[in-house]
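Down below is the structure, laid out as structure tokens.
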Amino acid sequence: MGSKNKLRRFRENETFSNVIQPTREEVLEGNFKYKGKWSSDFFKNDKPIVLELGCGKGEYSVGLAQAYPEKNFIGIDIKGARFWRGAKTALEEGL
């Protein structure tokens with residue numbers, strides 16, 4: 001993947017309703033708006049939350065979300081161009 005696609009994916013991530021990209025300051029200072037409020041403010045339900053750290057392209061999180069609709073899934077990765085695929089698939093499939 002060339003850098004042109006990477007930059008396009010970074011920009012597209014910013015338009016996805018299921019992608020949260022807090023600033024470093026928000027995280028380090030504890031000002032992250034969903035801290036302690038994921039169920040009520042983001043998912044707007046009280047289903048259990050499953051967290052995948054280092055989700056890569058998100059295939060595992062997306063697969064689990066398809067198999068277990070009674071749970072909420074959060075995939076975290078530091079590479080935005082990488083998790084773009086999972087975020088896009090989740091939106092396309094209404095997950």
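The values are calculated or read from the model by the stated rules, or taken from the named source; none is laboratory data. Quantities reported herein were computed from a predicted structural model and do not represent experimental measurements. In this analysis, Cβ positions are derived from the backbone assuming ideal geometry, glycine residues included, and neighbour counts consider all displayed protein chains. These area figures cover heavy atoms from the full protein model, side chains too; ligands, DNA and RNA do not enter into them. Shrake-Rupley method; radii C 1.70, N 1.55, O 1.52, S 1.80 Å.
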Subset of segment 46-77, residues of a type in the set (A, V, I, L, M) and under 12 Å from VAL19 (Cα atoms), comes to ILE74, ILE76
Of ASN13, ASN31, which residue is over 14 Å from the mean Cα position of the chain (by Cα) and not aromatic (Phe, Trp, Tyr)? ASN31
What residue, among those in segment 3-46 that are among the aromatic types (Phe, Trp, Tyr) and at pLDDT 90 or above, is nearest to PRO69 (Cα to Cα)? PHE43
When segment 30-60 is checked residue by residue, the ones that are farther than 25 Å from ARG9 by Cα and without any contact (Cβ under 8 Å) to a residue 24 or more places away in the chain are GLY30, ASN31, LYS35, GLY36, LYS37, SER40, ASP41, LYS44, ASP46
May I ask you to say which residue of THR15, THR23 is hydroxyl-bearing (Ser, Thr, Tyr) and open to solvent by 90 Å² or more (accessible area, probe 1.4 Å)? THR15
Test GLY54 against the criterion of being of a type in the set (Gly, Ala, Ser), open to solvent by 60 Å² or more (accessible area, probe 1.4 Å), out of contact with any Leu (no Cβ under 8 Å at 6 or more places or on another chain) and modelled with pLDDT under 95, and give yes or no. no
LEU64, sole failed condition from (1) modelled with pLDDT of 95 or more; (2) loosely packed, with under 13 Cβ neighbours inside 10 Å; (3) not small (Gly, Ala, Ser): (2)
